[in-house]
Amino acid sequence: MSDPATAINCPVCRASNPLTAVCCRRCKADLSLLGRLESQRAAALDHARRALLAGDAATARRFSQLARRLRDGADARQVAAAAALLAGHFAAALHLAQQIHPPSDAS
Ligand SMILES: [Zn+2]
C-alpha cells in the first residue's frame, strides 16, 4: 500500500495513483471524489494544527475528529492527541498516542 499522504490507492484495482489523479492509471476508475476527500481532510488537519498553535483545544479536537472520520491515520491521531493534551484529557491523549505507537512488549 502506498503512502496516503502522497498517493491514492484505486478502490477498484488497488493501483497506486498520484493524489492529483482524476482517474486510475490502470483501470481508469474515477478517483476525483477520493481526491476531493483527501483535500478536505488535509484542510481539516491544517485547521486543527492552527487551532493548536492558537491554544484552542476544542477547535483542534473538532477538526482532528473530522479528519479522522474522512480517513483515519497517524497524522490525524497525532493532532488529536495534542488537542487532548492541551485540554488536559491525559488518558485520551495516551490512548491516541498508543494507537500510533503501540507500547513494545518488553517480556
Ligand atoms: Zn484502478
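Please treat every number below as a calculation from the coordinates, not as lab data. As the structure is a prediction and not an experimental result, all values here were calculated from the model. So basically every Cβ, Gly included, is an ideal-geometry build from the backbone, and we count neighbours across all protein chains shown.
The table below gives the values:
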item: Net dipole in debye of the chain [+1 Lys, Arg Cβ; -1 Asp, Glu Cβ; about Cα centre; nearest 20]; result: 360
item: Dipole moment magnitude, nearest 20 debye, region 42-100 about Cα centre, only Lys, Arg, Asp, Glu C-beta charged; result: 120
item: Those Cys residues of the chain for which no other cysteine Cβ falls under 4.7 Å; result: CYS23
item: Computed helical MRE - 222 nm, the chain, DSSP H runs ≥ 4 contributing -39500 (n - 2.57), nearest 500; result: -18500 deg cm²/dmol
item: Three-way shape label, the chain, alpha-carbon gyration tensor, a/c 1.5; result: oblate
item: Cβ-based charge dipole, the chain, positive-most Cα from ALA80, SER64, LEU31; result: LEU31
